[in-house]
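Report on the structure given below.
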Amino acid sequence: AQSVTQPDIHITVSEGASLELRCNYSYGATPYLFWYVQSPGQGLQLLLKYFSGDTLVQGIKGFEAEFKRSQSSFNLRKPSVHWSDAAEYFCAVGPPGGNTPLVFGKGTRLSVIA
Amino acid sequence: GAVVSQHPSRVICKSGTSVKIECRSLDFQATTMFWYRQFPKQSLMLMATSNEGSKATYEQGVEKDKFLINHASLTLSTLTVTSAHPEDSSFYICSARVPRTSGGLDEQFFGPGTRLTVL
């Protein structure tokens, strides 16, 4: 069965510091991988996605993620965090093609301090 | 990207009443939409898969008689919470997935969510 693990429930970083949010997945083949961000009381916004090809993908708001097949990981990174990045981040996995829903991790809450 | 809207964004109702939440795909046709529920500080939990013109598929543990889903057109799915109780208070989010095999982007587009509070 597909599953997504986000080991860190809550992370606090200083503004301007670098950020890495961890995501590990369990899937039988190469999945489609996604990172979403959710601000309080809001819906989900797609940050970036990986389907195939270059394992380092760039997203919006200066985020990037690297797919590492050997580690079943898809960690999200940002070199310099801004206070507006404080939000909940969800990693998700889905099978290629078809009309099937994504499986989400439990999320990592990011707090940014001055 | 594609846009999914939800209405209402926030609703407060009395216990025992029914509430309907609409999910619309504004600029694309969605044969399949998904309904999620999110409790405070928790992840999204898939409730059901809504298929246009057919019965919805509910996840284990979700009461189909309580959460009625209708997907009458390619751009509209509705979730009706029947005889709502305080424990049904939650954030409900719908989404539609555009499969890459159909020329789409193979990602889920999410609505902004509906905050339901049952008094």
Considering segment A:1-19, residues that are loosely packed, with under 14 Cβ neighbours inside 10 Å and not β-branched (Val, Ile, Thr), and then whichever is farthest from A:Leu76 (Cα to Cα), we arrive at A:Ala1
B:Arg37 meets each of (1) under 11 Å from the mean Cα position of the chain (by Cα); (2) of a type in the set (Lys, Arg); (3) part of a loop (DSSP other than H, G, I, E, B) with one exception, condition (3)
Exercise. Assess whether A:Ser18 counts as being in contact with a Pro (Cβ under 6 Å, 6 or more places away or on another chain), touching a residue at least 60 places away in the same chain (Cβ under 8 Å) and either of a type in the set (Gly, Ala, Ser) or within 14 Å of chain B (Cβ to nearest Cβ) (or both).
Key: yes
Selection over segment A:25-35 where residues are surrounded by fewer than 18 Cβ atoms within 10 Å (Cβ to Cβ) and either in a strand (DSSP E or B) or more than 14 Å from every other protein chain (Cβ to nearest Cβ) (or both) yields a count of 4
Per the filter on segment A:36-62, residues surrounded by fewer than 20 Cβ atoms within 10 Å (Cβ to Cβ), assigned to a loop (DSSP other than H, G, I, E, B) and within 11 Å of another protein chain (Cβ to nearest Cβ) are A:Ser39, A:Pro40, A:Gly41, A:Gln42, A:Phe51, A:Ser52
When every residue in segment B:46-76 that is in contact (Cβ under 8 Å) with a residue 12 or more places away in the chain and within 11 Å of chain A (Cβ to nearest Cβ) is compared, the one nearest to A:Ser39 (Cα to Cα) is B:Leu46
Checked segment A:63-114 for anything within 14 Å of chain B (Cβ to nearest Cβ) and over 15 Å from the mean Cα position of the chain (by Cα); matches are A:Pro95, A:Pro96, A:Gly97, A:Gly98, A:Asn99, A:Thr100, A:Pro101, A:Ser111
Review point. Is at least one residue of segment A:52-69 in contact (Cβ under 8 Å) with a residue 40 or more places away in the chain and either closer than 30 Å to B:Thr57 by Cβ or polar (S, T, N, Q) (or both)?
Key: no
Note on A:Arg69: of the conditions (1) surrounded by fewer than 16 Cβ atoms within 10 Å (Cβ to Cβ); (2) in contact with a Cys (Cβ under 8 Å, 6 or more places away or on another chain), unmet is (2)
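Each reported figure results from applying straightforward, stated rules to the coordinates on display, with no laboratory input. Just so you know, these numbers come straight off a predicted model, no measurement behind them. Glycine also receives a Cβ, built like all others from the backbone with ideal geometry; neighbour counts cover every protein chain displayed.
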